[in-house]
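The values are calculated or read from the model by the stated rules, or taken from the named source; none is laboratory data. Computed from a predicted structure; not experimentally measured. For neighbour counting, all protein chains shown are included, and Cβ atoms are generated from backbone atoms with ideal geometry for every residue, glycine included.
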Amino acid sequence: MHITIINGPNLNMLGIREPNIYGRETYADLCSKITNYCQSNNIGCDIYQSNHEGDLVDKIQSCYGKSDGIVINPAAYTHTSVAILDAVKAVGIPTVEVHISDVSRREDFRQVSYIRQACCKTITGHGTDGYIEAIEFLIEFLKESLCR
Ligand code: DQA
């Protein structure tokens, strides 16, 4: 099983950006947490971050035929990007949307998620542990899909 983790703009600034909202863990801490979890559970993973919408679309497309599942935090592009939604629909790979903060309790403009309709689950407000929950969900989801 191979899972791709994709992070959108400003998530490389974790630990520095608005720590009252996103916490003090750095992006490197997040990557280690994911890598350690995947190694201990015998899951292949690759982790990608970009500040550019088109690069995120390219990364999603590159998962076709390679990844069994995607965990994505599109960050600000969550609230604006039809292109990222279309890319997830195009590849048809089970995808979980993750947000570190609880977007449901934040500004009105964060209440819209374009990608959500193409995702099998959304996890918000669980900090960086949300990424691990997303991977755990995908493992079970993919096992069940294989049994069907
Ligand atoms: C975020 C929430 C978004 O609204 C914001 O633009 C981000 C991070 C989160 O992880 O909580 O950059 O996706």
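Being within 12 Å of the ligand (Cβ to nearest atom) and among the hydroxyl-bearing types (Ser, Thr, Tyr) is the filter; apply it to the range 95-113 and report the residue that is nearest to TYR27 (Cα to Cα). Spell out the reasoning first.
Kept after step one, since they are within 12 Å of the ligand (Cβ to nearest atom), are these residues of the range 95-113: 97-113.
Now restrict to residues that are among the hydroxyl-bearing types (Ser, Thr, Tyr): 101, 104, 113.
Numbers: SER101: 15, SER104: 23, SER113: 23 Å.
So the residue we want is SER101.
Within the range 100-110, track down each residue that is exposed (fewer than 11 other Cβ atoms within 10 Å of the Cβ) and within 25 Å of LYS89 (Cβ to Cβ). Step through it out loud before you land on a result.
Applying the first criterion (exposed (fewer than 11 other Cβ atoms within 10 Å of the Cβ)) to the range 100-110 yields 105, 107-109.
Answer for the range 100-110, where residues must be exposed (fewer than 11 other Cβ atoms within 10 Å of the Cβ) and within 25 Å of LYS89 (Cβ to Cβ): just PHE109.
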Cβ pairs under 9 Å, 6+ apart, first in the range 93-111 and at pLDDT 95 or above, second in a strand (DSSP E or B) and of a type in the set (Gly, Ala, Ser): ILE93/GLY69; PRO94/GLY69; THR95/GLY69; VAL96/GLY69
Top-ranked residue of the range 71-87 - restricted to ones that are assigned to a helix (DSSP H, G or I), within 15 Å of the ligand (Cβ to nearest atom) and not aliphatic (A, V, I, L, M), ranked as nearest to GLN111 (Cα to Cα): HIS79
Output for the range 111-128, where each listed residue is surrounded by fewer than 18 Cβ atoms within 10 Å (Cβ to Cβ), touching a Phe, Trp or Tyr at 6+ places or on another chain (Cβ under 9 Å) and closer than 21 Å to ALA90 by Cα: CYS120, LYS121
Test: residue in the range 24-39 that is surrounded by fewer than 20 Cβ atoms within 10 Å (Cβ to Cβ), of a type in the set (Lys, Arg) and out of contact with any Phe, Trp or Tyr (no Cβ under 9 Å at 6 or more places or on another chain): yes
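Could you look through the range 48-70, keep only residues that are of a type in the set (D, E, K, R) and within 27 Å of SER145 (Cα to Cα), and pick out the one that is nearest to the ligand (Cβ to nearest atom)?
LYS59
Let me confirm something: among GLY15, GLY92, which residue is loosely packed, with under 14 Cβ neighbours inside 10 Å and more than 12 Å from the ligand (Cβ to nearest atom)?
Values: GLY15 fails: loosely packed, with under 14 Cβ neighbours inside 10 Å.
When all the criteria are applied, what remains is GLY92.
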